[in-house]
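K.L.:
Let me begin by handing over the structure; questions about it come next.
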Amino acid sequence: MTVYTNTTPVDAYRGAGRPEASYLVERLMETAARQLKVDPAELRRKNFITQFPHQTPVIMAYDIGDFGASLDASMKAIDYAGFPARKAKAKAEGKLRGLGVSCYIEACGIAPSKAVGSLGAGVGLWESAEIRVNPVGTIEVLTGSHSHGQGHETTFAQLISERLGVPISQVQIVHGDTDKVQFGMGTYGSRSLAVGGTAIIKAMEKVEAKAKKIAAHQLEASENDIVIENGEFKVTGTDKSIALPMVALAAYTAHNLPDGMEPGLKETAFYDPTNFTFPAGTYICEIEVDPATGKTSFVNFVAADDFGRLINPMIVEGQVHGGLAQGIGQALLEHAVYDANGQPITASFMDYTMPRADDLPSFKLSHTPTLCPGNPLGVKGCGEAGAIGSSAAVINAITDAIGHNKLEMPATPDRVWHAIHG
């Protein structure tokens, strides 16, 4: 029998199905540890994959990771060994203290086209970029990725700035303008830097190769002797150099270019990854429950993530904070409620309980990176991680505090009170 209903339990939310899958696995792990009477962190450690690459049953092969390092970092940050004493002290004060662990891994940088095609995708999942170096040396980057708050305008500009040694103000990122950017597959699945950023690097490599030819011709040197430093093309071992704006001007005036070279300094690249990327991490949550009211209060929340190389750590941490807020909101507050006729009564954010600042703890974040071998930047993606790993950590902590497993999300004070006294 098939039932079609509008009362959907899950919709495309940040993480898009992965928070629910991770939640199920991590609740099972915690339950198994309690039934086996073993430490939940050590049970996870015994089951970690340690040999890479690791072929999964579903197309993908995990390329690299160090899951034990993330677990160790989180356990140290939360003082895991000291928890029993803290639990006993809380009990003496009439409160229930709980600790919850959650380990996650996700498939990001969604691609390659051949793999997703075999799964029924109707499009390729490459990304495109175009680099335009203008005659005055300013640089336009046209990307098919789209920023809706992740800070691509900064991170993508950093890629160019760091490669050429030019000020970030010299670089303009163009996105979301279909008059200018004609090809792009967009932003989702934490793919922007791993796929979109790599397309930018591929286009940049073509620009650099042409610019080095022009610089070598202008400086009467071998192309192999040209290096790029601080916005200048220098001849190794000499004091001869030419600045990027002069190379760009030479490209467009075209008075003195190598024989047969087209004028201009503009290149395009399409990048189709060879594999997904696999961010992973461990989140540990310590909470206290008031048995008189069922209210849950956070004592501590620590996160250790492996996102590969971090291009802009501040932007990464901001995204993790946002993801953690969403995962904690899912665990404690957010609920699609319907009346007896199937009519949604939480149909707007006026009625639906969104997490606010005072619902959230301070977060202690750390990073245990392994560099992704599947793209030249070594990056993995960070946008959805916080939402994927956090809800299980919260519910594992609450069920640890109350001493049994009969609790569903969202763990509102009413539900927690009934779980304690029911």
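One line per residue, one yes/no per condition, for (1) closer than 25 Å to Leu24 by Cβ; (2) without any contact (Cβ under 8 Å) to a residue 24 or more places away in the chain; (3) charged (D, E, K, R); (4) in a helix (DSSP H, G or I):
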{"position": "Ala73", "(1), (2), (3), (4)": "yes, no, no, yes"}
{"position": "Lys87", "(1), (2), (3), (4)": "no, yes, yes, yes"}
{"position": "Ala90", "(1), (2), (3), (4)": "no, no, no, yes"}
{"position": "Gly98", "(1), (2), (3), (4)": "yes, no, no, no"}
{"position": "Ile110", "(1), (2), (3), (4)": "yes, no, no, no"}
{"position": "Ala115", "(1), (2), (3), (4)": "yes, no, no, yes"}
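K.L.:
Only one of these is among the aromatic types (Phe, Trp, Tyr) and within 27 Å of Thr154 (Cα to Cα): Phe307, Phe301. Name it.
P.N.:
Phe307
K.L.:
Given the conditions (1) on the phi < 0 side of the Ramachandran plot; (2) crowded, with 18+ Cβ neighbours inside 10 Å; (3) of a type outside the set (Asp, Glu); (4) in a loop (DSSP other than H, G, I, E, B), report the number of the one that Tyr4 does not fulfil.
P.N.:
Evaluating Tyr4 over (1) on the phi < 0 side of the Ramachandran plot; (2) crowded, with 18+ Cβ neighbours inside 10 Å; (3) of a type outside the set (Asp, Glu); (4) in a loop (DSSP other than H, G, I, E, B) leaves (2) as the failure.
K.L.:
Given Met29, Met75, Met60, which one is assigned by TED's automatic domain parsing to the domain that holds Cys372, modelled with pLDDT under 95 and either buried (at least 18 other Cβ atoms within 10 Å of the Cβ) or under 20 Å from Ile388 (Cβ atoms) (or both)?
P.N.:
None of the other options fit; the residue is Met60.
K.L.:
Restricting to the range 361-385, name every residue that is surrounded by fewer than 16 Cβ atoms within 10 Å (Cβ to Cβ) and more than 30 Å from Ser297 (Cβ to Cβ).
P.N.:
Within the range 361-385, Leu371, Pro373, Pro376 meet the criteria.
K.L.:
Looking at this structure, is Ala81 assigned to a helix (DSSP H, G or I), assigned by TED's automatic domain parsing to the domain that holds Val337, exposed (fewer than 13 other Cβ atoms within 10 Å of the Cβ) and at pLDDT 95 or above?
P.N.:
Yes.
K.L.:
What's the total number of residues in the range 380-422 that are at pLDDT below 95 and of a type in the set (Lys, Arg)?
P.N.:
1
K.L.:
If you don't mind, there's one more thing I want to ask. Listed residues Ser190, Ser147, Ser161, Ser169; which is assigned by TED's automatic domain parsing to the domain that holds Val227, within 29 Å of Glu229 (Cα to Cα) and either of a type in the set (D, E, K, R) or crowded, with 17+ Cβ neighbours inside 10 Å (or both)?
P.N.:
Ser161
K.L.:
Give the residues of the range 212-257 that are free of Cβ contacts under 8 Å to residues at least 60 places away in the same chain and assigned to a loop (DSSP other than H, G, I, E, B), sorted by residue number.
P.N.:
Glu220, Ala221, Ser222, Thr236, Gly237, Thr238, Asp239, Lys240, Ala254, His255, Asn256, Leu257
The values are calculated or read from the model by the stated rules, or taken from the named source; none is laboratory data. A quick note: this is a predicted structure, and the numbers were derived from the prediction, not measured. FYI the Cβ positions are ideal-geometry reconstructions off the backbone, even for glycines, and counts take in every protein chain you see.
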